[in-house]
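Data first, discussion second: the structure below is written as structure tokens.
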Amino acid sequence: MYTLIKGGTVLNPPGGLFKKMDILIQEGVITEIAPGIERETAQVIDASNLLVVPGLVDPHVHLREPGGEGKETIRSGCASAAAGGYTSVACMPNTRPVMDNRLIVEHVKSTAAREGVVRVYPIGAITRGSLGEELAEMGLMVQQGIVAVSDDGQPVDSASIMLSAMQYAAMFDLPVISHCEERSLAQGGSMHYGLQSTLLGVKGIPDAAEAVMASRDILLAELAGARLHIAHVSSAKTVDFIKMARAKGLKVTAEVTPHHLILTDEDIDGFDTSFKMNPPLRSREDRSALREALRDGTIDMIATDHAPHSILDKDVEFEEAPFGVVGLETALPLVFTELVEPGILTLEQAVFALSCSPARFLGIEGGSIQVGVQADLTLINPKAEKVVDKNTFYSKGKNTPFHGRKVRGLPVMTLVGGRVVMKDGLVKGA
């Protein structure tokens, strides 16, 4: 069976392609990219006035299942991803029980294959139970298909254990994703330590809490010869350490979230718990440093850190609420509206950061449009606009700081392996 995407403007940053082309797909694989393709038997998708980009890839999501199905399920999280234009997601191991062994990895993969509409790549835990005390069975989880290891949500406090983890992971060329937080500095804090936290009377988390741990893990990665990935970078100080690591040729990569690129601690005007995330929103200076680091390649990619919580979880006092915001259904239009349209990022840079770079980092197929690869594609209407409405999310989590914000550049179709899983905001089978 053939599918023909006609008349779209194809943007493929890895190949430098940015022009009006047709794409022919056979049995889920791209077989031809050229202008004026005709195939009588093909199902035609009219992409006139649309952008056709490699399917978005999110290297950092929390699907909550098993154990947290009240907040999200693999089914609802995958539907949320498809609605946002994502074709692949990598899910963190802070489930219940923690994804620290091959049986839970297999459970997540089989559930995703059965119930998910996008590709799901599990990330295994660094330590058993993410308790930071003894290493998880990385080798067996690698055999089961994990793409990285992390104790995300919890830092690995012991430098000795983190070094052993990096040495172990290096044997498999497996990225170690670090949640950089020095707990003795961050303990009890709920937002960035600064003027705004003082005005609100909320205990703050200093930027040093992130930077201290980032510097430690960079030193350990150098010693171990390991691949280190720094999750959800939020501070200028951390950016400085990443630059130094890159200058030394270390295998260090980093990600940043849309909310850290767009918001600051000054946006926490009151005690709306939708603005509570870890690491917290930081200063204008930090935001400027993050934008520049993404623009110059110091930060490699954009990740949502999609962290759904129930309404009951978040409907408490600010300091009692859990950290986390959702992001799969808002990331693309937010990046387009707040970063591309003002000229902070080019469209090519944005697509590279949302798709190509995370695919390369995870070592998965995707992130490019070329003959012979799976047809994982996102079609975007750059002129379409809407007001973000959390009540329409496919995700069970409604905890977004962007509710009511007007955005443009909407995903209007998501194809996974040539199969349309989302069209005009409606996810198939959801």
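The values are calculated or read from the model by the stated rules, or taken from the named source; none is laboratory data. Keep in mind the model is a prediction, meaning the values are calculated, not measured. Please note: Cβ atoms are built from the backbone with ideal geometry, for glycine as well, and neighbour counts cover all protein chains shown.
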**Q.** Boolean, residue 413 is outside any loop (DSSP other than H, G, I, E, B), touching a helix residue (DSSP H, G or I) at 6+ places or on another chain (Cβ under 6 Å) and buried (at least 16 other Cβ atoms within 10 Å of the Cβ)
**A.** no
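Tell me whether the stretch 263-282 contains one or more residues that are in contact with a strand residue (DSSP E or B) (Cβ under 9 Å, 6 or more places away or on another chain) and assigned to a strand (DSSP E or B). Reasoning before the result, please.
Filtering the stretch 263-282 down to residues in contact with a strand residue (DSSP E or B) (Cβ under 9 Å, 6 or more places away or on another chain) leaves 264-265, 268, 274-282.
Narrowing the set further to residues that are assigned to a strand (DSSP E or B) leaves none.
Among the residues of the stretch 263-282, not one is in contact with a strand residue (DSSP E or B) (Cβ under 9 Å, 6 or more places away or on another chain) and assigned to a strand (DSSP E or B), which makes the answer no.
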Q) Which of the residues spanning the stretch 42-55 are touching a strand residue (DSSP E or B) at 6+ places or on another chain (Cβ under 6 Å) and not in a strand (DSSP E or B)? A) 42, 47, 48, 50, 55
Q | Exclusive hit being buried (at least 20 other Cβ atoms within 10 Å of the Cβ) and assigned by TED's automatic domain parsing to the domain that holds residue 189, set 244, 277 | A | 277
Q. What is the residue count in the stretch 188-242 for residues that are under 17 Å from residue 275 (Cα atoms) and assigned to a strand (DSSP E or B)?
A. 4
Q: Give the residues of the stretch 337-355 that are in a helix (DSSP H, G or I) and surrounded by fewer than 24 Cβ atoms within 10 Å (Cβ to Cβ), sorted by residue number.
A: 337, 338, 339, 340, 347, 348, 349, 350
Q: Six or more apart or on different chains, Cβ under 7 Å: which pairs go from a residue in the stretch 402-430 that's within 18 Å of residue 112 (Cα to Cα) to one that's among the aromatic types (Phe, Trp, Tyr)? Could you list them?
A: 427/394; 430/394
Q.
For the stretch 12-21, which positions are surrounded by 21 or more Cβ atoms within 10 Å (Cβ to Cβ) and in a strand (DSSP E or B)?
A. 12, 21
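So which of 287, 295 ends up being in a helix (DSSP H, G or I), within 19 Å of residue 229 (Cα to Cα), basic (Lys, Arg) and modelled with pLDDT of 95 or more? Talk me through it step by step, then tell me what you get.
Details: 287 fails: within 19 Å of residue 229 (Cα to Cα).
Testing whether each residue is in a helix (DSSP H, G or I), within 19 Å of residue 229 (Cα to Cα), basic (Lys, Arg) and modelled with pLDDT of 95 or more leaves just 295.
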Q. Identify, please: which residue in the stretch 22-44 is buried (at least 17 other Cβ atoms within 10 Å of the Cβ) and without any contact (Cβ under 8 Å) to a residue 24 or more places away in the chain and is, among those, nearest to residue 421 (Cα to Cα)?
A. 24
Q: Quick one: in the stretch 372-404, of everything that is under 26 Å from residue 27 (Cα atoms) and among the polar types (S, T, N, Q), which residue is surrounded by the most Cβ atoms within 10 Å (Cβ to Cβ)?
A: 378
Q: Kindly establish whether residue 9 is assigned to a strand (DSSP E or B) and of a type in the set (Ser, Thr, Tyr).
A: yes
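Does residue 24 fit the bill of being modelled with pLDDT of 95 or more, touching a helix residue (DSSP H, G or I) at 6+ places or on another chain (Cβ under 7 Å), at negative phi and outside the structural domain of residue 278 (by TED's automatic domain parsing)? Show your work before the answer.
Values: modelled with pLDDT of 95 or more: yes; touching a helix residue (DSSP H, G or I) at 6+ places or on another chain (Cβ under 7 Å): no; at negative phi: yes; outside the structural domain of residue 278 (by TED's automatic domain parsing): yes.
Criteria not met by residue 24.
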(Q) So if I check each of 265, 300, which one is touching a residue at least 60 places away in the same chain (Cβ under 8 Å) and either in contact with a His (Cβ under 8 Å, 6 or more places away or on another chain) or of a type outside the set (Asp, Glu) (or both)? (A) 265
**Q.** Any pair with Cβ under 6 angstrom, 6 or more apart, that starts in the stretch 376-388 at a residue that is in a strand (DSSP E or B) and ends at one that is loosely packed, with under 14 Cβ neighbours inside 10 Å
**A.** 387/406
Q. Which one is nearest to residue 370 (Cα to Cα) among residues in the stretch 1-19 that are in contact (Cβ under 8 Å) with a residue 12 or more places away in the chain and small (Gly, Ala, Ser)?
A. 15
Q) Taking into account only those residues within the stretch 23-81 that are within 30 Å of residue 176 (Cβ to Cβ) and acidic (Asp, Glu), which is nearest to the chain's Cα centre (by Cα)? A) 58
(Q) Looking only at the stretch 300-328, how many residues end up being out of contact with any Lys or Arg (no Cβ under 9 Å at 6 or more places or on another chain), in a loop (DSSP other than H, G, I, E, B) and of a type in the set (A, V, I, L, M)? (A) 3
Q) Picking from 293, 359, which residue would you name as being crowded, with 23+ Cβ neighbours inside 10 Å, of a type in the set (A, V, I, L, M) and either touching a residue at least 60 places away in the same chain (Cβ under 8 Å) or in contact with a His (Cβ under 8 Å, 6 or more places away or on another chain) (or both)? A) 359
Q | Complete set of residues in the stretch 126-145 that are in a loop (DSSP other than H, G, I, E, B), touching a helix residue (DSSP H, G or I) at 6+ places or on another chain (Cβ under 6 Å) and among the aliphatic types (A, V, I, L, M) | A | 126, 136
Q. Is there a residue in the stretch 73-86 that is in a loop (DSSP other than H, G, I, E, B) and surrounded by fewer than 23 Cβ atoms within 10 Å (Cβ to Cβ)?
A. yes
Q) Quick check: is even one residue across the stretch 113-126 without any contact (Cβ under 8 Å) to a residue 40 or more places away in the chain, more than 24 Å from residue 415 (Cα to Cα) and in the same structural domain as residue 335 (by TED's automatic domain parsing)? A) yes
